[in-house]
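So the structure is just underneath, and the comments pick up after that.
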Ligand SMILES: Nc1ncnc2c1ncn2[C@@H]1O[C@H](COP(=O)(O)OP(=O)(O)OP(=O)(O)O)[C@@H](O)[C@H]1O
């Protein structure tokens with residue numbers, strides 16, 4: 001006998017006349033907002049430079065003349081506002097939340113821009129965190145050609161929620177050489193494949209150190225091995241970014257928009273469809 005209908009088709013095996021087809025979990029953008037392409041920046045684990053890469057990609061595309069936004073989905077460890085030197089609070093109105101603008105006009109939304117005190121920890125459970133990320137998509141008045149989503153590290157429920165609720169045009173994977181060779185990133189790759197989101201390629205961070213005297217590139221973890229590993233997994237290697245103390249200093253000073261270096265040009269060309 002059929003039990004009483006709860007209208008929860010996803011947890012019921014009966015094929016009755018009221019059964020509804022699975023519905024898309026994608027959320028609608030704020031009707032007053034405009035977003036061209038959306039790219040997620042992911043990593044296999046924390047601390048490999050995902051936020052650094054997100055910031056530099058945003059700056060590079062801004063330098064190319066585009067309207068650019070950064071949605072900081074790393075809710076419990078937001079590092080985007082600091083890198084851009086943003087300490088004010090975001091404002092809002094009936095129409096939605098206004099992203100905060102950086103010095104060069106990049107639009108940013110992050111939990112750190114909503115907290116009364118930016119050093120307060122975010123002690124929220126998963127569903128609340130996922131809800132905040134969704135609101136950054138549904139409520140913020142974005143006006144951009146490219147929106148970069150700094151994804152939470154790993155493949156937990158917040159990452160899943162981003163994949164399900166935001167219509168990503170693709171993802172870029174950030175990895176250190178060791179990660180690439182050992183394929184720690186493989187879980188992130190598989191998650192993107194399962195969610196049917198195209199992978200644009202890999203940005204390798206901390207690939208080498210340039211000698212300050214002669215400029216020679218010192219590949220601390222060996223040269224060529226990562227390209228080989230990426231190719232083995234059919235992942236185009238879009239960029240090789242050095243360890244550069246000047247970059248870390250710029251992040252600490254909130255001045256990442258002043259970075260010099262062209263290592264992300266290949267990734268930017270790819271984003272432009274070149
Ligand atoms: N290429 C680099 N050269 C110098 N410092 C770097 C480089 N990449 C990242 N860093 C520094 O390393 C630290 C970690 O980088 P970042 O915050 O971007 O990592 P993450 O992968 O986003 O970490 P998490 O996921 O844990 O937030 C930061 O202090 C950053 O400034």
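Taking a ≥ b ≥ c as the square roots of the eigenvalues of the alpha-carbon gyration tensor, segment 167-256 is classed oblate because a/c is 1.5 or more while a/b is no larger than b/c.
For 103, 64, what ranking results if the residue with the fewest other Cβ atoms within 10 Å of its Cβ goes first? Kindly include the intermediate steps, with their values, before the conclusion.
On the way: 103 12, 64 15.
Going from sparsest to densest Cβ surroundings: 103, 64.
With 0.36 nm allotted per residue and the present C-alpha distance subtracted, the residue 93-residue 17 stretch has 23.0 nm of extension available.
With a ≥ b ≥ c the root eigenvalues of the C-alpha gyration tensor of segment 79-123, is it rounded (a/c under 1.5), prolate (a/b larger than b/c) or oblate? Oblate, since a/c reaches 1.5 and b/c is not below a/b. Springs between alpha-carbon atoms under 10 Å, Gaussian network over the chain: tell me which of 43, 93, 110 tops the mean-square fluctuations. Most flexible of the set in this elastic network: 93. Taking 195, 52, 97 as the candidate residues, the one with maximal mean-square fluctuation in a Gaussian network model of the chain, Cα springs under 10 Å, is 195.
Taking the DSSP beta bridges with both ends in the chain, the antiparallel portion is around 15 percent. Between residue 194 and residue 260, the simple spin-label model (points 7 angstrom out along Cα→Cβ) gives 4.6 nm.
In a fully extended conformation the segment linking residue 252 and residue 34 would gain 75.3 nm over its present Cα-Cα distance, using 0.36 nm per residue. Each stretch of four or more DSSP H residues adds -39500 (n - 2.57); spread over every residue of the chain, this sum gives -8000 deg cm²/dmol at 222 nm. Roughly speaking, what is the centre-to-centre gap between segment 34-97 and segment 197-228 when only Cα atoms are used, to the nearest Å? Using only Cα atoms to place each centre, the spacing works out to 24 Å.
Of 121, 236, 167, the residue with the greatest mean-square motion in the GNM of the chain, using alpha carbon springs below 10 Å, is 121. For segment 150-187 and segment 101-119, what is the centre-to-centre distance using only Cα atoms, to the nearest Å? Comparing the Cα centres of segment 150-187 and segment 101-119, I get a distance of 23 Å. Is any residue of segment 225-251 close enough, with backbone N under 13 Å, to a label point placed 7 angstrom from the Cα of residue 218 along the Cα-Cβ axis, and if so, which? Correct set: 243-245. Take every pair of alpha-carbon atoms less than 8 Å apart whose residues are at least six positions apart; their mean separation over the length of segment 32-263 yields a relative contact order of 27 percent. Shape of the chain from its Cα gyration tensor (a ≥ b ≥ c, root eigenvalues): rounded if a/c is under 1.5, otherwise prolate when a/b > b/c, or oblate? Oblate is the answer for the chain, as a/c is 1.5 or above yet b/c matches or exceeds a/b.
Readers should treat all values here as calculations from the given coordinates under stated rules, not as data from a laboratory. Just so you know, these numbers come straight off a predicted model, no measurement behind them. Neighbour counts run over all protein chains shown; Cβ positions are idealised from the backbone, glycine included.
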